[in-house]
Amino acid sequence: MKLNLNHNQRRAIPIMTHPGIEIIGKTVNDAVNDGQTHADAIVALAENTPSDAATVIMDLTVEAEAFGAKLHFSENDVPSVSERLLHNMSEVESLPLPDLSSGRISQYLKANRLAAERISDRPVFAGCIGPYSLAGRLYDMSEIMMAIYVEPELAKMLLSKCAQFIHTYVQALKETGVDGVIMAEPAAGLLSNDDATLYSTHYIAPIVEAVQDDDFLFVLHNCGNTGHCTRSMVDSGARALHFGNQCNMVEALKQTPEGVIAMGNLDPVGIFKSATPEQVYAATTDLLSATAAYDNFVISSGCDVPPGVSRENIEAFYRAVRNFNRQ
């Protein structure tokens with residue numbers, strides 16, 4: 001799957017699903033538990049916005065739940081892991097790999113399949129979590145950060161199991177007919193570049209190599225990266241990198257090789273949700289102007305756009321992109 005890119009006609013692909021849930025009158029809880037509702041929301045948003053691709057909800061609990069983690073659900077927010085699943089090497093060693101019928105995996109596969117079947121005028125991007133971020137949800141984020149230094153064998157064993165399951169899941173997502181996947185690996189942004197390479201990229205790169213091809217784009221998202229671990233993202237081999245709003249987008253573009261798409265990075269809360277339409281328009285225009293020299297830039301949100309973003313703000317974003325392209 002290829003996007004035709006040039007600096008005169010900017011593509012706009014915010015990571016955005018929640019406004020579609022609101023369009024169809026459902027809750028976040030409805031969408032994350034039911035593939036039909038989730039797909040309906042993706043389709044509704046595609047019908048109501050000119051985004052150059054459709055995206056699923058960035059739910060970073062789906063894979064953790066499949067492994068057995070307990071979750072907290074709320075009506076209008078994505079689920080969260082409520083308690084630690086693993087505590088020691090013995091539990092990591094005995095942790096079984098889940099199958100694709102575990103938890104809500106089947107509902108997410110259904111959502112992707114239905115969206116891919118119903119949306120034909122733009123690509124559809126699936127979503128998944130990255131291995132280091134998944135390990136943090138299973139073992140506790142602070143504990144996994146300690147483990148890579150004091151119990152590296154435990155960390156590597158857990159990361160291997162996480163990566164093995166994610167690989168299986170992404171392959172299944174690809175088979176639904178979607179055009180790519182956005183892997184969210186924000187926890188790797190807590191590491192140095194060398195550690196991110198060792199404990200994240202090392203496990204991501206084989207997945208990228210196995211699934212990425214001319215018809216399936218792998219997008220690596222790391223909103224924890226403030227610019228210090230962009231090299232590790234590049235080394236994954238992903239043909240698209242997605243940056244959070246804590247990163248300087250121009251500096252990120254300087255480190256992104258030609259031929260690799262760099263996406264980002266308007267603040268999803270500070271701009272999309274909390275700003276006025278005029279401020280959204282100005283911030284969008286400013287980012288487009290600052291990145292005007294780079295053919296491989298795609299403007300996006302810095303992360304998943306949250307619930308409660310006004311239609312006026314969404315329209316201001318697309319109006320700014322449209323006016324920039326007219327110039």
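The values are calculated or read from the model by the stated rules, or taken from the named source; none is laboratory data. This is a predicted model, so every value here is computed, not measured. Positions of Cβ are generated from backbone atoms using ideal geometry, with glycine treated the same way; all protein chains shown enter the neighbour counts. Accessible surface areas use protein heavy atoms only, side chains included; no ligands, DNA or RNA. Shrake-Rupley method; radii C 1.70, N 1.55, O 1.52, S 1.80 Å.
Determine the dipole magnitude for the chain: charges of +1 sit on the beta-carbon of Lys and Arg, -1 on that of Asp and Glu, nothing else is charged, the reference point is the Cα centre, and the result goes in debye to the nearest 20.
Result for the chain is approximately 660 debye, rounded to the nearest 20.
Calculate how many DSSP beta bridges within the chain are antiparallel, expressed in % of all such bridges and rounded to the nearest 5. Working shown, then result.
Values: 5 of 30 bridges.
Around 15 percent of the beta bridges assigned by DSSP in the chain are antiparallel ones.
What's the magnitude of the charge dipole for the range 25-155 around its Cα centre, counting Lys and Arg as +1 and Asp and Glu as -1 at the beta-carbon? Answer in Debye, nearest 20.
Details: 9 positive and 20 negative charges, 64 e Å.
That gives the range 25-155 a dipole magnitude of about 300 debye.
Could you tally the net charge around V321, taking each other residue with its Cβ under 15 Å from the Cβ of V321, Lys/Arg +1 and Asp/Glu -1?
Working: positive: R10, R11, R122, R319, R322, R326; negative: D52, D286, E315.
Computed value for this residue: +3.
Using a probe of 1.4 angstrom, how much of the accessible area of the range 254-295 is carbon and sulfur, in percent? Please list the in-between numbers first.
On the way: 1100 of 2010 Å².
So the carbon and sulfur contribution to the accessible surface is 55 percent.
What is the range 179-269's relative contact order, in percent, from Cα pairs under 8 angstrom and six or more apart in sequence?
Numbers: 167 pairs, mean separation 26.4, N = 91.
It rounds to 29 percent for the range 179-269.
Among (i) 19.5; (ii) 14.5; (iii) 17.8, find the value of mean projected area of the Cα convex hull in nm² that was calculated from the structure presented, and write down its label.
So the structure-derived entry is (ii).
Can you give the local net charge around D267? Use residues other than it whose beta-carbon is closer than 14 angstrom to its beta-carbon, Lys and Arg +1, Asp and Glu -1. Write down the numbers at each step before the final one.
Working: positive: K273; negative: D286, D304.
Around D267, the surrounding residues sum to -1.
When only C-alpha pairs under 8 Å and at least 6 residues apart count, what is the relative contact order of the chain, in percent?
On the way: 663 pairs, mean separation 63.4, N = 327.
So the answer I get is 19 percent.
Considering only L60, L114, L97, whose Cα is most displaced toward the positive end of the charge dipole of the range 56-133, charges sitting on Cβ of Lys, Arg (+1) and Asp, Glu (-1)?
Of the listed residues, the answer is L114.
For the range 261-327, rounded, prolate or oblate, judged on the Cα gyration tensor with a ≥ b ≥ c (square roots of eigenvalues), a/c < 1.5 rounded, else prolate if a/b > b/c?
oblate
Give me the percent of the accessible area of the range 47-113 that comes from carbon and sulfur atoms, probe 1.4 Å, all protein chains in place.
On the way: 1420 of 3070 Å².
Ligands and nucleic acids excluded, carbon and sulfur reach 46 percent.
Specify the inter-centroid distance of the range 104-148 and the range 247-319, based on alpha-carbon positions, in whole Å.
22 Å
Determine the relative contact order of the range 213-327: mean sequence separation of Cα pairs under 8 Å and six or more apart, normalised by residue count, in whole percent. Walk me through the numbers before you get to the answer.
Details: 183 pairs, mean separation 28.8, N = 115.
Across the range 213-327, relative contact order equals 25 percent.
Rolling a 1.4 angstrom probe over the protein heavy atoms, how many square angstrom per residue are accessible across the range 215-325? Before the final figure, lay out the partial values.
Numbers: 4060 Å² over 111 residues.
About 37 Å² of surface per residue is accessible.
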